[in-house]
Amino acid sequence: MLKVFVKETNPYFLISDSYFYVPAYFTQAALDDFEKKFPTTKVGDLNEKVILITGWSLELKKVDSNTVFTSYAGLEVRLVVTGFKPQLGEAIHPTRWPTNLYRDDEFKTTIQHFRHRSIQANLEKMPATDVPLFSKGGVDQGIVSGKDDWTFKEGSTKVVTLGGAKKAAAAASSSAAKVKGGAKRAGKAASKSAKKATKAAAPVSAKVAKFTPSKPKNASAAKGKKSATGAGKKALPTPVGAKKSAPATNDKMTMKSFKQFIKFQKGKKGTTLGKRSAGKKSNK
């Protein structure tokens, strides 16, 4: 009998000896016997509890180690449980956090040694003519295919998958898309969908056209004179408190203005007209 600690029940039922953990694979008879003897306790309620495995066996299975994390080099050693019962009155406190047995160096070395012996056994059974030492034009040179590396009989006991692993397996089996009919049906379906899309777009385009403003009849730009401020734009207002600028002139002086200017200059005392030369006032 094996007294073990249930590390988790979902998505996989993992049991531990406080050092390593492995998955437990139950037979249908073991589950039926458990439900009969312990009707008030569910298998999923055994999380972090102690169970006593009364019947078990080990089987070797070829698996894909890329998807089965409790395996190594394509091999899994399954613990098949044929009988168990809960020990609800006991509690185990692991001295350390258990790790995956298939990540232990010693266990991986054991699997590698087992595979090496299997390859040797295959080579001894094969005739010498089937093992090419130097192939012409090839690069195999004595390399044997790994399809028949294992020389053991796989276990065939039917087991039940528990927890989320069962849901994941069912989802994977039903995930493949099913296509019914041939190319003709696909073409008809595509044409029908296109027609429906066209019909659905027609009322929408009509509504958009209805509420879009049309171009006025007299849409041509108004003709007129440009303002003095430039390009028909409205002049900006003068800020409050600022003096308005003088109106624009053409820089031409009339005779009247010129006489007033001369009179204004004569009225100034000590002021001379003309250019200054070398910093001195002119004689005129």
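Just so it is clear, none of the values below were taken in a lab; they were calculated from the coordinates. Predicted model, so just to flag it, every value in this text is computed and none were measured. Every residue, glycine among them, receives a Cβ derived from its backbone with ideal geometry; neighbour counts consider all protein chains shown.
Which residues in the stretch 14-47 have a backbone N closer than 14 Å to a point placed 7 Å from the Cα of GLU90 along the Cα-to-Cβ line?
16-18
Using amide H atoms built 1.01 Å from N in the peptide plane, name the residues 5+ places from LEU52, or on other chains, whose amide H lies under 5 Å from its own.
For LEU52, the qualifying residues are LYS85, GLN87.
Past the 32 Å Cα-Cα mark, which pairs from LYS62/LYS85; LYS7/LYS153; LYS42/LYS153; LYS37/LYS153; LYS42/LYS108; LYS3/LYS125? Could you put the intermediate results ahead of the total?
Values: LYS62/LYS85 29 Å; LYS7/LYS153 30 Å; LYS42/LYS153 34 Å; LYS37/LYS153 34 Å; LYS42/LYS108 34 Å; LYS3/LYS125 42 Å.
Violating the 32 Å Cα-Cα cut-off are LYS42/LYS153; LYS37/LYS153; LYS42/LYS108; LYS3/LYS125.
Among VAL43, VAL160, which comes first, then next, by fewest other beta-carbon atoms within 10 Å?
Values: VAL43 20, VAL160 15.
In order of increasing Cβ crowding within 10 Å: VAL160, VAL43.
For the stretch 1-52, count the residues as N, evaluate 2.2 N^0.38 Å, and divide the Cα radius of gyration by that value, please.
Working: Rg = 10.9 Å, N = 52, 2.2 N^0.38 = 9.9 Å.
Ratio of Rg to 2.2 N^0.38 Å for the stretch 1-52: 1.10.
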